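Below is one structure, written out as structure tokens, with a few remarks after it.
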Amino acid sequence: MSDFGLNQLLEIDVSDLDNPSYTVVVEDTGSKPNGVVYDETNDRIIFCSWGSNANIVAVDPSSYEMTTLTSTGLTNCDGIDNDGANNFFVSSWSPTRITKYNEDFSVSEIVTAPGLDNPADISYAQAIDTLAVANSGNETLTLVGFDTSTELQELSRDNGMIIYPNPVSQESVIAFNLDHGGRTVLTVRDASGKLVYEFLNEDLLPGKHQVLLAGIHLESGYYICDMQSEGSFLQFPFLAR
């Protein structure tokens, strides 16, 4: 577990539940450690950090040597968990979102879900591919479901942007690829052209991104999703029922 105040990692011995004990295994993490997860596949402890341009760090459980996996560019990373398929999810307060990383943290994918407010501890339920996010800002719980189907992955890759399933439901996902990073604006307009919702307006890295429609309530009708980013503009029509 992490000690946020003393910048330490501790090992807790719970063999005697009435008298648990602990040992400090990392005296100084070099940052304020927050969420911690054990990566069984690669036999490593991974923690995310509090502060600006927060690091994600791996710790060898035998030697307790630390290796920085990535400097996220995020501020105040709070929770971290994995999905059992060598992907890791990290919550951050600024920007307010969940970021998905691959196994070596070289590729990131932004997951934005309405209702996130200072997202804190997170837990991934592998059996149902759902991420539970505790929001410290409004004391609510956000459940983010993931469509891991090959169909969704292929559609987003081939078309640049896809909304699936369509007509949309609370489980629908806006998935898109960015060839170049930069300021990205993702909005929804109704049939008259009126702006209904702005999902994103921030700097994104190149790569795959997903936006969940959970928590967004749209009247029945025809809508257009617009994405504008660094010289590119994509549109995708969809229906709400």
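Of all residues in segment 168-183, those that are free of Cβ contacts under 8 Å to residues at least 60 places away in the same chain have Cβ atoms under 6 Å from Cβ atoms of residues that are outside any strand (DSSP E or B) and among the charged types (D, E, K, R), 6 or more apart or on another chain, in V173/D147; H180/E230; G182/E230.
Scanning segment 136-163 for residues that are surrounded by fewer than 18 Cβ atoms within 10 Å (Cβ to Cβ), at pLDDT 85 or above and part of a strand (DSSP E or B) gives T140, L141, L143.
If I filter segment 97-117 down to residues being of a type in the set (S, T, N, Q) and free of Cβ contacts under 8 Å to residues at least 40 places away in the same chain, which single residue comes out as farthest from V144 (Cα to Cα)? Break it down into steps so the answer makes sense when it comes.
Of segment 97-117, the ones of a type in the set (S, T, N, Q) are 99, 102, 106, 108, 112.
Then keep just the ones that are free of Cβ contacts under 8 Å to residues at least 40 places away in the same chain; that gives 99, 102, 106.
Numbers: T99: 12, N102: 18, S106: 23 Å.
Applying the filter and picking the extreme gives S106.
For beta carbons closer than 9 Å, sequence separation of 6+ or different chains, a first residue in segment 203-221 that is within 18 Å of L141 (Cα to Cα) and in the same structural domain as D179 (by TED's automatic domain parsing) and a second that is at pLDDT below 80 and among the aromatic types (F, W, Y), the qualifying pairs are L212/F146.
Taking the criterion of being among the hydroxyl-bearing types (S, T, Y) and either assigned to a strand (DSSP E or B) or exposed (fewer than 10 other Cβ atoms within 10 Å of the Cβ) (or both), the residues of segment 1-39 that qualify are S2, S15, S21, Y22, T23, Y38.
None of V59, V24, V14 is more than 20 Å from A120 (Cα to Cα) and touching a Leu at 6+ places or on another chain (Cβ under 6 Å) except V24.
The residue that is nearest to the chain's Cα centre (by Cα), counting only those in segment 212-230 that are under 17 Å from L200 (Cβ atoms) and of a type outside the set (A, V, I, L, M, F, W, C), is G215.
The values are calculated or read from the model by the stated rules, or taken from the named source; none is laboratory data. Note that the structure is predicted; figures quoted are calculated from it, not measured. Glycine gets a Cβ as well: all are built from the backbone with ideal geometry, and neighbour counts include every protein chain shown.
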